[in-house]
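Enquirer: The structure under discussion is supplied below as structure tokens; questions concerning it will follow.
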Amino acid sequence: MEIRQLQRDTMKRENGADAQRLVPWPALNAPFEGSWCVVEPGGATGMHAHHEYEIFIAVSGEAVLDSQGERREFRAGDIVHFPPHTAHRVLNESSAQFEMYCVWWDAEMSERFVGRHEQQA
């Protein structure tokens, strides 16, 4: 068993959130990448879109998701999926930190995963 530990004191500011990439690492062959993200009270990520598929899993607190002219509440236990090229951002309008786990993938990541899997077999 190998555990990747969250290091809150060394998280980096990325797109308006404090973040730490937890996936991948050398021993884990995964077809995706992932990051722990914290949006401070009154903070927001920048509106952005990218070519990857992406899901957010809300872990603690509550926020608002803003995507394609729609705003929706997003609370601990919720999960959302953004298809490629879908603009989105997270707004924390509360007085507490909002924490989420983000996972993203694309065809190239999946192909690399399959290649590594076949080499290990």
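The values are calculated or read from the model by the stated rules, or taken from the named source; none is laboratory data. Since we're looking at a predicted model, the values are computed, not measured. Glycine also receives a Cβ, built like all others from the backbone with ideal geometry; neighbour counts cover every protein chain displayed. Ligands, DNA and RNA are excluded from the accessible area calculation, which covers all protein heavy atoms including side chains. Shrake-Rupley method; radii C 1.70, N 1.55, O 1.52, S 1.80 Å.
Enquirer: Taking the Cα centre as origin and putting +1 on Lys and Arg beta-carbons and -1 on Asp and Glu beta-carbons, what dipole magnitude results for the chain, to the nearest 20 debye?
Expert: On the way: 11 positive and 19 negative charges, 37 e Å.
Result for the chain is approximately 180 debye, rounded to the nearest 20.
Enquirer: Also, quick follow-up: Can you give the angle from 0 to 90° between the axis of helix 107-120 and the longest principal axis of the chain, with both taken from C-alpha atoms, to the nearest 10?
Expert: 40 degrees
Enquirer: Between Ser110 and Leu28, what is the label-point separation in nm under the 7 Å Cα-to-beta-carbon projection?
Expert: Roughly 2.0 nm, to one decimal.
Enquirer: While we're looking at this one, here's another question. Give me the one-decimal Kirkwood hydrodynamic radius in Å for region 34-103, with the sum taken over alpha-carbon pairs.
Expert: Value: 11.8 Å, from the Cα pair sum.
Enquirer: Using modelled amide H (1.01 Å from N, peptide plane; none on Pro or chain starts), what sits under 5 Å from the amide H of Val23, excluding residues fewer than 5 places away?
Expert: For Val23, the qualifying residues are Gly34.
Enquirer: If each of Arg4 and Thr86 carries a label point 7 Å out from its Cα toward its Cβ, how far apart are those two points in nm?
Expert: Those two pseudo-labels are separated by 2.3 nm.
Enquirer: How long is the gain from Ser60 to Lys12 if the chain were fully straight, where each residue apart is worth 0.36 nm and the alpha carbon distance is subtracted?
Expert: That works out to 15.4 nm of additional length.
Enquirer: May I ask for the Rg/Rh ratio of the chain, computed from Cα atoms with Rh as the Kirkwood radius, given to two decimals?
Expert: Taking Rh as the inverse mean 1/r over Cα pairs, Rg/Rh reads 1.00.
Enquirer: Taking θ as phi - 60°, what are the ³J(HN,Hα) couplings along region 43-59 by the Karplus curve (6.51, -1.76, 1.60), each to the nearest whole Hz, with x for Gly and Pro?
Expert: Result, rounded to whole Hz: x, 7, 7, x, 5, 7, 9, 8, 7, 7, 6, 8, 10, 10, 10, 6, 9.
Enquirer: Karplus couplings for region 35-41 from phi (6.51 cos²θ - 1.76 cosθ + 1.60, θ = phi - 60°), rounded to Hz, Gly and Pro as x?
Expert: Residue by residue, region 35-41 yields 8, 7, 10, 10, 10, 5, x Hz.
Enquirer: Then there's this: Select from Ser35, Trp25, Ala63 the residue farthest towards the positive end of the dipole of the chain; place +1 on Cβ of Lys and Arg, -1 on Cβ of Asp and Glu, and compute about the Cα centre.
Expert: Checking the options against the dipole of the chain, the answer is Trp25.
Enquirer: When the Cα centres of region 1-59 and region 97-121 are compared, how far apart do they sit, in Å?
Expert: Computed from Cα coordinates, the inter-centre distance equals 14 Å.
Enquirer: Hey, what number do you get for the chain at 222 nm if only DSSP H runs of n ≥ 4 count, each worth -39500 (n - 2.57), divided across all residues, to the nearest 500?
Expert: Numbers: 1 runs with 14 residues, N = 121.
It comes out at -3500 deg cm²/dmol, rounded to the nearest 500.
Enquirer: At 1.4 Å probe size, with the rest of the protein present, what percent of the exposed accessible area of the chain is carbon and sulfur atoms?
Expert: Working: 3790 of 7320 Å².
Its accessible area is 52 percent carbon and sulfur atoms.
Enquirer: Gly43's amide H: which non-local residues (gap 5+, or another chain) put their own amide H closer than 5 Å, with H modeled 1.01 Å from N in plane and none for Pro or chain starts?
Expert: Those qualifying (amide H under 5 Å, at least 5 residues apart or on another chain) are Asn92.
Enquirer: At R0 = 35 Å, how high is the FRET efficiency between Gln97 and His117 if r is their beta carbon distance? Nearest 0.05 is fine. Can you show the working numbers first?
Expert: Details: r = 37 Å, r/R0 = 1.05.
Between Gln97 and His117 the formula returns 0.40.
Enquirer: Kindly report, to the nearest 10 Å², the accessible surface of His50 as traced by a 1.4 Å probe over protein heavy atoms only.
Expert: 40 Å²
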